[in-house]
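Below: one structure, written as structure tokens.
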Amino acid sequence: MKCLLCILLLAATSLPIYSAEFELKDGDKVVWLGSTLIEREQRDGYWELELTALWPDRKFTFRNLGWSGDNVHGEARLGFDVNTPALGLKRMVNLTLAEKPTVIFICYGQNESFDGEAGLKKFEQGYEKLLDALKPAKARIVLMTVPLFEQLPNNGTGPANVRVQMYNNAIEVIAKKHECRFADFAKAWDAKRFAPHVLVKYTDNGMHLSEGGYYVSAAAVLNSIEIDTRKGQPADSGLRQAIIEKNKLYFYRWRPQNETYLFGFRKKEQGKNAAEIAEFDPLIEKAEAEIDRLKKPRTHEYKLVPVEKK
């Protein structure tokens, strides 16, 4: 944790100045929306850890609704009973609104970038449709750019990253049009600048962040949403594990592996067990209480012990 705080201090020197600093308020309900980058963050928890530790006296929650392979159209969220793109988007929006979010982080574009310039207009239209559908939440929305593919030595910027940057530019335009906060994570994410002496593999495959990638990029996330990272303070060493445990319980709550049997067209076989899903709720509440306990800085009392003279 101490190493990460040092990284955050280094990142603070290049904070953007064009808009007010971002903050989480007491009572905020934060939802993460996106594809693999967002879904896997719950597995390591470093981004949520840093945001949580910044305001230890405020009570807020995080809910990760990321879905690997997803896009702005919700196509990865299809299933046996949800078999058209329109239903995938509806499912995404309904799940988000059900959480009554006050803050929504959205990060799409990496998967869509494979379609290149030909798919850009469809992406823009899909993103705006998603934002319009989320308006009932009246939430503060943050649109994040997606990171470039990890470069190999002497490889330069390949065509893949040219496409990614094209989509990131479109995200900035959409953010301004819809008056959302624009978080240029791709620009802020520079592993060598944030952690020049930390030797980690930042991705698993050149595209998806590894645990080390999430660890180092936490500073870039804070930097991109204009948080003065100098405010960071040490949190209990068990806080990240508590966050990961909460995320795991919530994942089981909203994405049970056998949902077709519980809620879908085969619920006549195991539908009676659907009632058990709600039993995750008190477990999640207990995990949240543990997070609130651990995020508060601990005070230590030091007592002078007289030294016995020989």
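Return the loop-located trypsin sites (Lys or Arg not before Pro) in segment 21-55 (DSSP other than H, G, I, E, B) with at most 12 other Cβ atoms within 10 Å of their own Cβ; answer none if there are none. Please report the intermediate quantities before stating the final value.
On the way: sites: Lys25, Lys29, Arg40, Arg43; in loops: Lys25.
Passing both the DSSP loop test and the Cβ count: Lys25.
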Taking 23 Å as the cut-off for C-alpha to C-alpha distance, list the pairs among Lys90/Lys121; Lys59/Lys187; Lys29/Lys295; Lys59/Lys177; Lys100/Lys122; Lys90/Lys135 that go past it. Lys59/Lys187; Lys59/Lys177; Lys100/Lys122
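Can you compute the FRET efficiency between Asp132 and Asp281 using 1/(1 + (r/R0)^6), with r the Cβ-Cβ distance and R0 = 30 Å? Round to the nearest 0.05. Numbers along the way, then the final one.
Values: r = 31 Å, r/R0 = 1.02.
With a Förster radius of 30 Å, E is 0.45.
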Arranged from highest to lowest average of other beta-carbon atoms within 10 Å per residue, in what order do the peptides 112-122, 91-101 appear? 91-101, 112-122
Once you place label points 7 Å from the Cα toward the Cβ at Glu179 and Lys25, how far apart are they in nm? 1.5 nm
Using mean Cβ contacts within 10 Å as the protection proxy, how do 248-254, 32-38 order, highest first? 32-38, 248-254
Non-local amide H neighbours of Arg63 (under 5 Å, H modeled in plane, Pro and chain starts lacking H): which ones? Val30, Val31, Trp32
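No lab work stands behind these numbers, since they all come straight from the coordinates. Worth saying up front: this structure is predicted, and the values here are computed from it rather than measured. We place every Cβ from the backbone using ideal geometry, glycine too, and count neighbours over all the protein chains shown.
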